[in-house]
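Some notes on the structure that comes next.
Every read-out reported here was derived from the displayed coordinates using simple, explicitly stated rules and does not represent laboratory data. Please read all numbers here as calculations on a predicted model, not as lab measurements. Counting neighbours? That spans all protein chains shown, and the Cβs are built from the backbone with ideal geometry, glycine included.
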Amino acid sequence: MAVARSAATRMSDDMRLGGSPVRRSSFVLVGEAQDPIQELVAESTKPVCTPPPVDTIQLLIDLNDALLAYGTPSHRMEALVDALGESLHVPVKVYYLPTYTLLHFLGPLPPGKREQHIVKTRGGWDFGKLQVLHALCKDLIRGRTNPAGAKKKLHDIRNMRDAWSELWIVAGYPVSAATSAIMFFNGNGWDALASGLLACIPGGMRLIANRFPSLWWTYEIICCALISTIAASISSTRCYPSLLLSSVVTLLPGYTVTASVVEILTKNVISGSVRLCYTVVYLAAMAYGLTLAPLFYNVAVGNGFQRRPPGVENACTAEQTIAVSHLWLILCVPLYIVSYNVYLKSPPRQWPVMTLIGALGYGISYLSKRIWHAPPEINAFTSALGIGLASNMYARVTDDLSFHAITAGVFIQVPGSWGLRGMLALAYQEYDRSLYWNYSMLVICVGIGGAILMSNYMVWGFRLKNRRVPLTDF
């Protein structure tokens, strides 16, 4: 009865107001109906999703570009840019591939803005600018600065002077080569001196290639061919394998192959696979250059097509032993790390922590090999775990970037020379040794990457965030 009376009452009210009967369900309960005016008011008060300002979208694009240019680890890019987009109220999805990222904006956009935007930047190293950029990203995510202030700060970062010029970077090449001959390749003092002089070749070619960029296409082949020419001429008095490996140490793609393995471990399969294939071709180009000069030399003297100078097979080895007093390591390890600090454009204020953590990693590996006589993959895992724990604890205490500290230690551990040895063994038709060197390179990279990722869990937990900010380390 209540239902019928309610329907009749509403119809009579509509007729009395001069309107036509409104079609309603005859099964509407009392108290359920709403006034049409109230419905219109409710519709008008619903929140409207407005597009973000054009400047804010451009700021996010510019931040992504700067993160790539200054050396942010590729497997950290997506989480970091997602957090920046959330703080700027710009919903975005990030897809990373080597040398560029694809930004896909999800919400409504201002007129003239595309949903997809490709940011193409060749990655580089500039730890001085990366540290300041990381601080800016932290302030944005934590709400300590607004987009206008962030835009001005980013402009200042881009206009910052580099910590080290190209001449300083090139000056570090002989230091890296000389110290690595003693630390890694069984060289004595004279081998270290010869390696340092030979390293002037890639340093000088770098300056020329900066002036004529097309030279970068054959840079590794030309450098390795010139080095092998001189090394072959003095192979009767010097350790030929040690000269080859130490003089090109700055060209070795050890960090690249380690980064590719870490990308695959973190399920960034496409970028990791592309980078790994690039590393294989890169090492093949270096091995090709290093075998060119001996080929021509042996043909000229009538020894046939041999890829090594005559008489060097049993002269010496370049195994990872130390031919001089171990006290020389006290000098060589810091010098080696400092030379790479300059290469990474790290300002002097970052050197103490980078040198300490890098020396810690080398010390753990050294003790593991001498005391435990552990295989290379165990040495790499234990030293990388120590590097990761020390660097992450530093970041947790100081709330600062730890990537520069991790990188200094990783550069000592990465097995770039193992991959080059594997390629040279293939060229020398020593297939069993080639399999050993290349397998060891991959296993060492997996050990380094896995150890550092585990150290992140130990310090930060499984969320991998530092006070709401995604990690920006290895």
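The amide H of LEU97, built 1.01 Å from its N in the peptide plane, has LEU102 as neighbours under 5 Å, considering only residues 5 or more places off or on other chains. For LEU442, LEU60, LEU68, the sequence from fewest to most other C-beta atoms within 10 Å is LEU442, LEU68, LEU60. The phi torsions of the range 275-292, fed into the Karplus equation with coefficients 6.51, -1.76 and 1.60 and a -60° offset, translate into couplings of 5, 5, 5, 4, 5, 4, 5, 4, 5, 5, 5, 5, 5, 4, x, 6, 9, 5 Hz, rounded to whole numbers, with Gly and Pro shown as x. Computed from backbone phi, the HN-Hα couplings of the range 141-150 come to 5, 8, x, 8, 9, 9, x, 5, x, 5 Hz, rounded to whole numbers (Karplus: 6.51 cos²θ - 1.76 cosθ + 1.60, θ = phi - 60°; Gly and Pro given as x). Going from the fewest other Cβ atoms within 10 Å to the most, the residues ASP65, ASP55 appear in the order ASP55, ASP65. Please name whichever of ASN210, PHE403, GLY361 sits farthest to the positive end of the charge dipole of the range 166-470, dipole taken about the Cα centre and charges placed at Cβ: Lys and Arg +1, Asp and Glu -1. Result: PHE403, furthest along the dipole toward the positive end.
Label sites at TYR278 and LEU464, each approximated as a point 7 angstrom past Cα along Cα to Cβ, lie 2.0 nm apart.
Along the range 229-241 the Karplus relation, 6.51 cos²θ - 1.76 cosθ + 1.60 evaluated at θ = phi - 60°, assigns HN-Hα couplings of 4, 6, 4, 5, 6, 10, 5, 6, 10, 10, 6, 4, x Hz to successive residues, with x for each Gly and Pro. When each of CYS332, CYS277, CYS239, CYS445 is scored by the number of other beta-carbon atoms lying within 10 Å, the sequence from fewest to most is CYS277, CYS332, CYS239, CYS445.
I'd like to know which of TYR431, VAL92, MET458 lies farthest towards the positive end of the charge dipole of the chain, counting +1 on Cβ of Lys and Arg and -1 on Cβ of Asp and Glu. About the Cα centre, the residue reaching furthest to the positive side is VAL92. The alpha-carbon of LYS93 sits under 23 angstrom from the alpha-carbons of these lysines, leaving out residues fewer than 8 places away in its chain: LYS113, LYS120, LYS138, LYS151, LYS267, LYS465. Please label the shape of the range 54-158 as rounded, prolate or oblate, based on the square roots a ≥ b ≥ c of the eigenvalues of the alpha-carbon gyration tensor (a/c under 1.5 means rounded; beyond that, a/b larger than b/c means prolate, else oblate). It is oblate, given that a/c is not under 1.5 and a/b is not larger than b/c. Between amide H atoms placed 1.01 Å from N, distances below 5 Å from LEU471 occur with ASN466, all of them 5 or more places distant or on a separate chain.
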